[in-house]
Structure formats: structure tokens, C-alpha cells
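For reference, the structure discussed in these notes is given below.
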Protein chains: 2
Amino acid sequence: MPTAGQSGKTPPRGKRADAQRNEQVLLAAAAVFVNSGVDAPIRRIAAEAGVGMGTIYRHFPTRSDLVVAFYRHQVDACAQAGPTLLAEADSPFAALRAWVDLFVDFLVTKHGLAKAMQSDGGGFDALHAYFLDRLVPVCARLLDAAVEAGEIEPGTPPQELMRGVGNLCIGRNSDPDYDPRRLVALLLRGLRAG
Amino acid sequence: MPTAGQSGKTPPRGKRADAQRNEQVLLAAAAVFVNSGVDAPIRRIAAEAGVGMGTIYRHFPTRSDLVVAFYRHQVDACAQAGPTLLAEADSPFAALRAWVDLFVDFLVTKHGLAKAMQSDGGGFDALHAYFLDRLVPVCARLLDAAVEAGEIEPGTPPQELMRGVGNLCIGRNSDPDYDPRRLVALLLRGLRAG
DNA sequence: GCTGAAAGCGGAGCGCTGTTCCGTTTTGTC
DNA sequence: GACAAAACGGAACAGCGCTCCGCTTTCAGC
């Protein structure tokens, strides 16, 4: 994937050089999300980046925007894996299962991302929206294919399945005995026709 | 410094009258949980009750304790419904399904309770513990009965199922289109032997 | 009744958040 | 180099949980 827009010497919309620089620095500093979770204090990220609070808010009006920017390419990779899996797997349902596994892996390896994705009152609306925008269509295609192949029953909206899977992944880090994968597997089993 | 020597001041088992009164007043004020969710500011509950912050923290060291005290009888009712349903339903699996429905109803009608129950970092540990203490044994008995009747596959720990169901109920209020019941039904379907 | 120690109370205060606002600095252009 | 616009930095404000300690209430023993 290309690095954030500008290659060579064409600044996209006339952003100033220092602004572009700071945006990159902020994205790099957002790596604290990896270890401290997406709830890491804004001040900390600003300090990590060596910029002031004003700067961070100007570039990313909500924490959600920063999180989206930071994880965007991973979400995109997950979205792109959908069609590939559908083409290569033994059956549409197998593809769906593999894709959901990918999604679950993504969520459980990011502290608190699943929780943040629910967006209920936490100001993570942009994150929620981005996940839905990118992944629901992919999920829909996989579901449709599986329905068409007679492997699962129709009637489950993709956004509902996504939401459910996301919800099941919440709190994995707070309880090492809890493994969302087993429950997600049960959920998918419940979809099967028969 | 207390002059320790007095004749037997009996340290009474019972609390002082004003303390008992305030505890009742606080429990009544905790009704703000119903409309404002379990995240309602402590200050607000204190104000509602007409007491100071110190009082509320003395009676309920964590917000979790207050929530537990407020919803305790409803949780107990849910726990007690387990054996009843098992005795009256057509089959153990039907009883399990009915009981889970009861649990889901309880969770979705309390703003944010499901989220709080996850206890990941929110200081809701006592709430989490109480739910588990009271409901996991009930769930275990229902699961065992259904396994014994050959209706579901063995291998799902009750605490995992509880957690999964609880997780699926998160955020129902933030998205009216999301209905956890359908997904919970799928999950239970996934348990079935066959 | 009184009385005084212990139990309980109240809320100011601390530390931590997110977010805004505006004087100062940097940048790019003429 | 000058100058306006863009961007910056962090002090300041608001809201939160929680603690701490001087003041008030209770109640057994007289």
C-alpha cells in the first residue's frame, strides 16, 4: 500500500510541510495503541509524538479518527482477504469461517479494539463506521454465497453477524480463560442449514 | 486518643440507626441506574440521595457494590428460575433456552449492564463476580441436563456460555436495529448435537 | 435526663481524564 | 525580507472517581 497519499513532490491539498510531518509523527506515536490499548490517554500520544494537544486534535478531531488511521490498512487487508478466500476455499461456508477467523484474530490481538468498535457512547463512532463500511459488504458477499450454496440458512443480516462476532471478542485480555474463537465457531455452526 | 479503659462498651452487631437509614436512601437513589445506566456519576447518586460522597463510598466501596446491591434480587430471581424451568419445560434444552432468554431480557432492559458485567478495566469486578457466582451454577446444571439428554454436545463450559451471551447483549441501546436475541438463538443452535 | 467516645457524615481537594481556545511560531509566497 | 495564513503548543476549563479529615449524630452507661 502506498504511504499516505503523496509520492515525489506533489502535496495533495497544499498542506504545509510541518503539518504533513506531524501527521506522520502522530501516526507513528499511535503505536502506543498496540501495547496500551485504544484507550491510551491523548496526552500520552501527544507527548510520545513530541507535539502539543492542539496539534493532535487538529489532525484527528476524535480519538476514533486516529485509531482508524492507525489500523486502516489492516482493516483493508481483512476486507481484501474476503474475495480471495471465497475463490480459494473448498466451499463458501469454509471461506466465511476462514474470514471470520481472520477478523477475530485481528480483534483479539488489539487491546480493547473490539470494545471500542461497539461505539456505544465512547466517542468511537468513526471507528465503528469504518469497520462497517469496509467489512459488511465483504461479509454480505460471503454470506450470500453460502446461502446460495445451500450451506446456511438465509435471514442473518451481515451487520448483525459482524456485530455479534465483534461483541464476542470483547474482553479477551481481561480473562485469559475466555477464548472467543470457540463461541464464534458455535455461532457459525448455528448458521448452518439442516 | 481514646481512653480505653471503660467498662464493656458493647460493640454492637447492628449498624447505627442513621447508617441503616442512609443505606436505604442510597439504594432508592440508585434507581437512577434504570434510566441513566450504571455509569451514572457517583456525585449524582449522592445528590439524589441527599448525602455526601463520603457516605456513599463508606456503604458501597465501589460503584460495583452499589450496582450489585441494587440488582441483587433480580439476579437471584433469574437464578431461582433455572430449576423451575428445568422441572417444567418440555426438555432440558428448552429449559436452557427459556432460561437464557430470561437472562437476555434482564440484561437488555438495563442500560449498560451487559457492558459493565464484562468488568474489563471498569472497576466492576464485584458485579462480574456476583453474576458468575449466582448464575454459572444454574447454567451448569441446565447444560449438564441437556448433555445428558443427548440434546447438545458436551464441552462448553458454563462460564463461557454466560460470558458469550452477556457479550452479545452489549450495546443494544446504542443501535435499535441490533437484536441480541437472534444471535443468542444462533449460539444455542450451534450447541445442538447432530 | 446527661455525657463522651465511637460511629457516621459531608464535601473540599487531589489527580486524572478529554477538549477548547488563543497568543506565538513556522511556512510559503511575493 | 516581509507578511498573511497556516499550524503549533500548552494553559485552562470541565467532569470524573476517590480520599481524607474536621464536624455531627448516636447511644450505652451513668
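Using a probe of 1.4 Å on the protein chains alone, the accessible area found for A:MET162 is around 10 Å². What a 1.4 Å probe finds exposed on the protein assembly as shown is 52% carbon and sulfur by accessible area, rounded to a whole percent. Here the Gaussian network model covers chain B, with springs between Cα atoms less than 10 Å apart; of B:ALA149, B:ALA126, B:ALA46, B:ALA149 fluctuates the most. Against chain A, whose longest principal axis is taken from its Cα atoms, helix A:63-88 shows a tilt of about 30°. Approximating the spin labels as points 7 Å out from Cα along Cα→Cβ, the B:ARG44-to-A:ASN35 distance works out to 3.7 nm. At a threshold of 30 Å², the residues of region A:101-134 that become less accessible to a 1.4 Å probe in the full protein assembly than in their chain on its own are A:LYS115, A:ASP120.
Projecting the alpha carbon convex hull of region B:16-60 along each direction and taking the average yields 2.8 nm². Angle between the Cα long axis of helix A:158-168 and the longest principal axis of chain A, 0 to 90 degrees, nearest 10? Approximately 70 degrees, to the nearest ten. Report, in whole Å, the centroid distance computed from the Cα atoms of region B:10-68 and region A:38-110. Result: 41 Å between the Cα centres.
Before anything else, pin down the relative contact order of region B:118-194: Cα pairs under 8 Å, at least 6 apart, normalised by residue count, whole percent.
30 percent
Spin-label pair B:MET53-A:ARG181: with each label point 7 Å from Cα along the Cα-Cβ axis, the two points sit 4.5 nm from one another.
At each listed q (0.09 Å⁻¹), what is the log10 of I(q)/I(0) that the Debye formula gives for the protein assembly as shown modelled as equal alpha-carbon point scatterers? Result of the Debye calculation: -0.65. Helix B:17-29 and the longest principal axis of the Cα set of chain B meet at an angle near 40°.
Normalising by the residue count of region A:17-59, find the relative contact order in percent from Cα pairs under 8 Å and 6+ residues apart. So the answer I get is 39 percent. Only residues of region B:38-75 count here: report those whose backbone N is under 12 Å from the spot 7 Å along Cα→Cβ of B:ASP18, or say none. Residues B:52, B:55 fall inside that zone.
The values are calculated or read from the model by the stated rules, or taken from the named source; none is laboratory data. Bear in mind that the values here come from a model prediction, so they are computed numbers and not experimental data. In this analysis, Cβ positions are derived from the backbone assuming ideal geometry, glycine residues included, and neighbour counts consider all displayed protein chains. Heads up: the accessible areas ignore ligands, DNA and RNA and are worked out on the full protein's heavy atoms, side chains in. Shrake-Rupley method; radii C 1.70, N 1.55, O 1.52, S 1.80 Å.
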